[in-house]
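Okay, structure first, notes after.
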């Protein structure tokens, strides 16, 4: 047993992660020692039920740990946040299926929330057919959580709210055809987000998770829709990239002299201001996200419903964190030396990664728009809000 916090455990992993970071980028897949160490430390089961060895962390603690990991390598942080939703889904599974999902509890989950598959109802479940071009961590996973649309004939089945019946299907990775495509990626290459294809894969009804699935474990972490916790925590990866960029920029700038002015980069006022502003931005977006998570956690502990106004705080904090992190990392890149233009340089890596991270978050920008609408007294446009 250890008395360390999950954030301290994450910080202890940073040297190992940093050591193998470049290897992961070159191979388009994380080093196996890194994946194993992160798994044994519980990083992939932060939101899993205790019955299967899960940590059931508070969202704020999970956010802190993910930031620390992402500062060393956001690809590892991406494994973490992509494993969170399947962990939460486990609370809606009967014991046998839950245990099967965590037969090796230290493993990460493959994940794609893009509903590119068709699920045809059959006796006892669904036949799943489709292709997902980007499935994070699929090569290291035993299970993947993949989005698909339930069909009625040749059309999507519609729910009472007028939206398609979109579900997350829990599928053993061995039943998928994995094609190595991520070696051509320009950023976040260590995530090994390869292509997965399902061909007539049977998924039982109980493993086809929907927002209306009944939760069988009544504890705080499982008392709200998974998206309310998982979508905002993706911002932790962006915050971690900014933290890593500040650390790298400080080391870079301390030792460099401008060939144009003859002055050290450290003595240039614009560079000083850029670092000071980036540091202030880091503290601000981190604190804002943690404040929103803490408010939500208090509601969950007390068994209270989460009002839309508080959800708006959560989502707006997350998207703002991503946007500010992207702006600050881009600024730090311009203030570095010309060495930052070279492939593999720390700031070059941070620049590519932050744009990739925020681009992924952008896919759910409708939650950001809905947050603003709620603040103006309207109803959210996003059905999953």
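The values are calculated or read from the model by the stated rules, or taken from the named source; none is laboratory data. As the structure is a computational prediction, the values presented were derived from the model and not from experiment. For neighbour counting, all protein chains shown are included, and Cβ atoms are generated from backbone atoms with ideal geometry for every residue, glycine included.
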Would you confirm whether or not region 233-246 contains a residue that is surrounded by fewer than 16 Cβ atoms within 10 Å (Cβ to Cβ), in contact (Cβ under 8 Å) with a residue 40 or more places away in the chain, touching a helix residue (DSSP H, G or I) at 6+ places or on another chain (Cβ under 9 Å) and in the same structural domain as residue 265 (by TED's automatic domain parsing)? no
Which residue, of 153, 137, is under 17 Å from the mean Cα position of the chain (by Cα) and at positive phi? 137
Quick one: residue 201 ticks every box in (1) under 20 Å from the mean Cα position of the chain (by Cα); (2) at pLDDT 90 or above except a single one, so which number is it? (1)
Please specify each residue of region 348-385 satisfying the condition of being over 21 Å from the mean Cα position of the chain (by Cα), surrounded by 16 or more Cβ atoms within 10 Å (Cβ to Cβ) and in contact (Cβ under 8 Å) with a residue 12 or more places away in the chain. 348, 374, 380
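Criterion first (crowded, with 17+ Cβ neighbours inside 10 Å, closer than 24 Å to residue 225 by Cα and modelled with pLDDT under 95) does residue 110 satisfy it?
No.
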Can residue 70 be described as over 19 Å from residue 248 (Cβ atoms) and touching a residue at least 12 places away in the same chain (Cβ under 8 Å)? no
Name every residue in region 1-59 that is outside any helix (DSSP H, G or I) and under 15 Å from residue 188 (Cα atoms), in order of residue number. 20, 28, 29, 30, 31
Would a scan of region 124-131 turn up a residue that is in contact (Cβ under 8 Å) with a residue 12 or more places away in the chain, in contact with a strand residue (DSSP E or B) (Cβ under 8 Å, 6 or more places away or on another chain) and loosely packed, with under 15 Cβ neighbours inside 10 Å? yes
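Please indicate, with yes or no, whether at least one residue in region 208-231 is part of a loop (DSSP other than H, G, I, E, B), closer than 20 Å to residue 351 by Cβ and outside the structural domain of residue 118 (by TED's automatic domain parsing). Write out each step before concluding.
Of all residues in region 208-231, those part of a loop (DSSP other than H, G, I, E, B) come to 210-219, 223-225.
Okay, now just the ones that are also closer than 20 Å to residue 351 by Cβ, so none.
Among the residues of region 208-231, not one is part of a loop (DSSP other than H, G, I, E, B), closer than 20 Å to residue 351 by Cβ and outside the structural domain of residue 118 (by TED's automatic domain parsing), which makes the answer no.
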Selection count where residues are surrounded by 12 or more Cβ atoms within 10 Å (Cβ to Cβ), touching a residue at least 12 places away in the same chain (Cβ under 8 Å) and within 22 Å of residue 351 (Cα to Cα), scope region 269-288: 11
Can you confirm whether residue 148 is surrounded by 20 or more Cβ atoms within 10 Å (Cβ to Cβ) and touching a helix residue (DSSP H, G or I) at 6+ places or on another chain (Cβ under 7 Å)? no
For the structure I just gave you, tell me whether residue 71 is outside the structural domain of residue 349 (by TED's automatic domain parsing) and surrounded by fewer than 24 Cβ atoms within 10 Å (Cβ to Cβ). no
